[in-house]
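Student: Take a look at this one; I'll ask things after.
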Amino acid sequence: MDLYHFLSLLGMTLVTILARAFFLFANDNFKLPLWLDRALVFAPIAALSAIIAPEVFVIEGSLISSLWNSKLIACSCCLFYFFLKRFKPPSVLEIIMLGLAVYLPLHLYFNI
Amino acid sequence: MQGALELLPACFGIFTWGMMTGVAMIHSGLNYPESLMMTFCVFAGSSQLAVLPLLAARAPIWVILATAFCVNLRFVVFSAHLRNYLKTYPRGYRVMCAYFTADLSYIQFIKRFPIPALSIDQKAIDEQTAYLAGSNALNWFSWMLGSMMGLFLTHFIPIDWGLGFAGFLALLGIAMTLVSSHLRLLAAVLSGMLAVYFVDLPLKLNTMLAILISIAVCDQFELYAARQLKPKN
């Protein structure tokens, strides 16, 4: 292991800790702005959506040009399945399996 | 323990995602000790993937660290949220909990406990924290197991299978269970559109910007709705 890699990885470890615990270093008297404190209820869903959407709708830096796209079709199937079963929500594993069952054949054999 | 059980269905996604990261580390030219150090110490999949090309190109260290931090910015938002749950603990313990909290375990935790326990009720706080620790542990093990598989079985795993997509499907599965109101649906749609719109921004800043704008907008809508409900004098 050379010094360059070692220092980079050490630094990245500290960066992970810094980011994950950013607002946890300060002691008790520190308060978040009120609007942010309230708005954080939407943070989990917003974060998930912001991570998933570019993965599905963007390929190599540009918006997909056709709806005939394996990831989009797989996600649509999952959404539809979830909507059908919305009163008895399916487990995450079911969603993963359904998504892969749609995605892998389309991606591997039809190259879309 | 319960925290671990409820994360179990998503494990497979975490596992395959870790596996892809493991394969990617070896493919980008890191050797085994370096890859192991990255997996065990850095422990942040998206920033590991973002930094690999920079490491291969021997970019300056500050560029690498800045990239890692920007890709991790969403955790800064999460840490603001976790503060309400962990604030009665000493600093070292708070920081340790937060370090082990990745996307999925954070989201599962907030979903299970939308409201933090009162700060005088230490027993309830401990229960919530135990839940978080359980799901963190399972998340950690499935990530590490996946990464190890990826590292040592690189040559048997074709990278173009797109198995990393399983990780996104796990996120999708959880996201759908979170959409419990119209405003949350709005947050999801808005945030997704913004993240795609801003996709050209460097360092994955699109994720951060999309989260901040969409939660601020939804908060305004919620305030507006609350004002409408108030009886008029």
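The values are calculated or read from the model by the stated rules, or taken from the named source; none is laboratory data. Since this is a predicted model, take the numbers as computed values, not measurements. Here the Cβ is made from the backbone with ideal geometry for all residues, glycine too, and neighbour counts use every protein chain on show.
Student: Could you tell me whether the stretch B:26-47 includes any residue that is assigned to a helix (DSSP H, G or I), in contact with a Leu (Cβ under 8 Å, 6 or more places away or on another chain), more than 7 Å from chain A (Cβ to nearest Cβ) and among the hydrophobic types (A, V, I, L, M, F, W, C)?
Tutor: yes
Student: Also, I was wondering about something else. In the stretch B:110-125, what count of residues is obtained for those that are facing chain A (nearest Cβ under 9 Å) and either touching a Phe, Trp or Tyr at 6+ places or on another chain (Cβ under 7 Å) or assigned to a loop (DSSP other than H, G, I, E, B) (or both)?
Tutor: 1
Student: Give the residue that is surrounded by the fewest Cβ atoms within 10 Å (Cβ to Cβ), with candidates limited to residues of the stretch A:60-111 that are more than 17 Å from B:LEU169 (Cα to Cα) and hydrophobic (A, V, I, L, M, F, W, C).
Tutor: A:PHE87
Student: Only one of A:LEU14, A:LEU18, A:LEU48, A:LEU40 is closer than 27 Å to B:PHE43 by Cα and in contact with a His (Cβ under 7 Å, 6 or more places away or on another chain); which?
Tutor: That would be A:LEU40, the only listed residue that is closer than 27 Å to B:PHE43 by Cα and in contact with a His (Cβ under 7 Å, 6 or more places away or on another chain).
Student: Hey, does the stretch B:146-154 have a residue that's at pLDDT below 80 and either facing another protein chain (nearest Cβ under 8 Å) or touching a His at 6+ places or on another chain (Cβ under 8 Å) (or both)?
Tutor: Taking every residue of the stretch B:146-154 in turn, at least one turns out to be at pLDDT below 80 and either facing another protein chain (nearest Cβ under 8 Å) or touching a His at 6+ places or on another chain (Cβ under 8 Å) (or both).
Student: Another question, then. Hey, could you check the stretch A:2-27 for residues that are out of contact with any Ser or Thr (no Cβ under 7 Å at 6 or more places or on another chain) and over 19 Å from B:TRP62 (Cα atoms) and say which is farthest from the other protein chains (Cβ to nearest Cβ)?
Tutor: Of everything passing the filter in the stretch A:2-27, A:ALA26 is farthest from the other protein chains (Cβ to nearest Cβ).
Student: Can you name the residue in the stretch A:28-38 that is more than 11 Å from B:HIS81 (Cα to Cα) and more than 7 Å from every other protein chain (Cβ to nearest Cβ) and is also surrounded by the fewest Cβ atoms within 10 Å (Cβ to Cβ) among such residues?
Tutor: Once the filter is applied, the top-ranked residue is A:ASN29.
Student: Take the residues in the stretch B:51-99 that are more than 16 Å from the chain's Cα centre (by Cα) and not in a helix (DSSP H, G or I); name whichever of them is nearest to A:ALA47 (Cα to Cα).
Tutor: Out of the qualifying residues, it is B:LYS87.
So that you can scan it fast, the table gives a plain yes or no per residue for (1) free of Cβ contacts under 8 Å to residues at least 60 places away in the same chain; (2) among the aromatic types (Phe, Trp, Tyr); (3) touching a His at 6+ places or on another chain (Cβ under 6 Å):
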| position | (1), (2), (3) |
| --- | --- |
| B:GLU6 | no, no, no |
| B:PRO9 | no, no, no |
| B:PHE15 | no, yes, no |
| B:GLY18 | no, no, no |
| B:ILE26 | no, no, no |
| B:MET37 | yes, no, no |
| B:GLN48 | yes, no, no |
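Student: When you scan the stretch B:37-83, how many residues do you find that are of a type outside the set (Phe, Trp, Tyr) and either assigned by TED's automatic domain parsing to the domain that holds B:LEU212 or closer than 13 Å to B:TYR106 by Cβ (or both)?
Tutor: Of the residues in the stretch B:37-83, 10 are of a type outside the set (Phe, Trp, Tyr) and either assigned by TED's automatic domain parsing to the domain that holds B:LEU212 or closer than 13 Å to B:TYR106 by Cβ (or both).
Student: Return the total of residues in the stretch A:45-98 being in contact with a Ser or Thr (Cβ under 8 Å, 6 or more places away or on another chain), of a type in the set (Gly, Ala, Ser) and under 13 Å from B:PHE168 (Cα atoms).
Tutor: So the answer is 4.
Student: So, one more: Among (1) modelled with pLDDT under 80; (2) farther than 22 Å from A:PRO90 by Cα, which single condition is B:TRP140 missing?
Tutor: (1)
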